[in-house]
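The values are calculated or read from the model by the stated rules, or taken from the named source; none is laboratory data. Here the structure is a predicted model, which is why all the values come from computation and not from measurement. Don't worry about glycine lacking a Cβ; one is built from the backbone with ideal geometry, like all the others, and counts go over all protein chains shown.
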Ligand SMILES: [Zn+2]
Ligand SMILES: [Zn+2]
């Protein structure tokens, strides 16, 4: 929440020779299907499943995992989420752009749109203004929200309100306008490397795989496991989600301390993305890494049992109290 307020105070981007911010074409085209994203995703699921069942390939599976690390961890988790949305750390401009392009190649939308959605999620977590409001059920927060109801959250006005820092930068506006070209270039690259199998595994299988690993943060990370902090929303710490999403599953910690670069706050909470951040820091490629103070972390409660610790039980709803919006320590506030 801290991050949203800080970003709100930033001046809006204005028109420039690089072009205006563009809205999605879908809301302006009522003749198009009500669930265009859904239709594509269903098609992608069918193709991915058919590929895995009829053309099993060790090389394909290994490449999907490698792409999950590059686009899911470096692109989405580190780039889109901890760096661009929450500004939990700073990196050189060239590296920020590289991570943003990796995020774009995860095919979850361009940085302006993704950040706009996620900052709204933090502002109204599990309430009406939350794009993937988990109080509407597990399925809605997982995938159901990607229907036509998604578009009011990504209008030009919303993008200027929630991501002004990105919307005013020509690089990000250009990335948004050229997004479909980037996708086509990726498909061409897959084809050039491995023909039909390259497209099937490099586009469809890995898209479906990384999408679900990310969506589990919104669904399981708001339903299964336990709450260490009484954040007043449904966010949970979910062990297995943290494993498949490079540390993002320590999601209740994140809602309590949204500006923190580290989500796994206890010694046993593996946070692969934070290890990457520490490595970048040691190389001089990351600085201003924001962390909660020891006192703010100490407020957190331990899980009530092994099943809760492993994220295998539904987390009971807890009373709404003031979020422990992390007091940051002196290292990088
Ligand atoms: Zn959340
Ligand atoms: Zn977040």
Margin query: Among the residues in the stretch 94-109, are any in contact (Cβ under 8 Å) with a residue 24 or more places away in the chain, over 22 Å from residue 216 (Cβ atoms), under 16 Å from the mean Cα position of the chain (by Cα) and more than 15 Å from ligand 1 (Cβ to nearest atom)?
Written below: yes
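Is it fair to say residue 125 is within 14 Å of ligand 1 (Cβ to nearest atom) and closer than 25 Å to residue 289 by Cα? Break it down into steps so the answer makes sense when it comes.
Values: within 14 Å of ligand 1 (Cβ to nearest atom): yes; closer than 25 Å to residue 289 by Cα: yes.
Yes; evaluated as a whole, the condition is true for this residue.
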Notebook entry, point to check: Of all residues in the stretch 146-173, which are within 20 Å of residue 38 (Cβ to Cβ) and within 16 Å of ligand 2 (Cβ to nearest atom)?
Noted result: 153
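Just to be sure before I move on: is residue 52 more than 16 Å from ligand 2 (Cβ to nearest atom), part of a helix (DSSP H, G or I), in contact (Cβ under 8 Å) with a residue 24 or more places away in the chain and crowded, with 17+ Cβ neighbours inside 10 Å in the structure I sent?
Yes: the conditions hold for residue 52.
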Notebook entry, point to check: In the stretch 152-165, which residues are assigned to a helix (DSSP H, G or I) and either without any contact (Cβ under 8 Å) to a residue 40 or more places away in the chain or in contact with a helix residue (DSSP H, G or I) (Cβ under 8 Å, 6 or more places away or on another chain) (or both)?
Noted result: 152, 153, 154, 157, 158, 159, 160, 161, 162, 164, 165
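Looking only at residues in the stretch 203-235 that are in a loop (DSSP other than H, G, I, E, B) and within 13 Å of residue 138 (Cα to Cα), which one is farthest from ligand 2 (Cβ to nearest atom)?
Just the residues of the stretch 203-235 that are in a loop (DSSP other than H, G, I, E, B), to begin with: 223, 225, 227-235.
From what is left, the residues that are within 13 Å of residue 138 (Cα to Cα) are 223, 234-235.
Working: 223: 17, 234: 14, 235: 10 Å.
Taking the candidates together, the pick is 223.
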Next item on the list: Within the stretch 197-223, count every residue that is in contact (Cβ under 8 Å) with a residue 60 or more places away in the chain and within 13 Å of ligand 1 (Cβ to nearest atom).
Entry: 8
Checklist line | Given (1) surrounded by fewer than 16 Cβ atoms within 10 Å (Cβ to Cβ); (2) more than 23 Å from residue 20 (Cα to Cα), number of the condition residue 89 does not satisfy | finding: (1)
Next item on the list: Please indicate, with yes or no, whether at least one residue in the stretch 167-188 is without any contact (Cβ under 8 Å) to a residue 40 or more places away in the chain, within 16 Å of ligand 1 (Cβ to nearest atom), assigned to a helix (DSSP H, G or I) and within 24 Å of residue 117 (Cβ to Cβ).
Entry: no
Checklist line | Selected residue (criterion: farthest from ligand 2 (Cβ to nearest atom)) from residues of the stretch 114-134 that are under 15 Å from residue 258 (Cα atoms) and not in a helix (DSSP H, G or I) | finding: 124
Notebook entry, point to check: For residue 259, all conditions in the list (1) surrounded by fewer than 24 Cβ atoms within 10 Å (Cβ to Cβ); (2) away from ligand 2 (no atom under 14 Å from the Cβ); (3) at pLDDT 95 or above hold save one; what is the number of the exception?
Noted result: (2)
Check: Any idea how many residues of the stretch 77-93 are farther than 22 Å from residue 183 by Cα and more than 14 Å from ligand 1 (Cβ to nearest atom)?
Finding: 8
Notebook entry, point to check: Restricting the stretch 238-255 to residues that are in contact with a helix residue (DSSP H, G or I) (Cβ under 7 Å, 6 or more places away or on another chain) and not in a loop (DSSP other than H, G, I, E, B), which is nearest to ligand 1 (Cβ to nearest atom)?
Noted result: 251
Next item on the list: State which residue is farthest from residue 114 (Cα to Cα) when the search covers only the stretch 135-151 and only residues that are over 17 Å from the mean Cα position of the chain (by Cα) and outside any helix (DSSP H, G or I).
Entry: 137
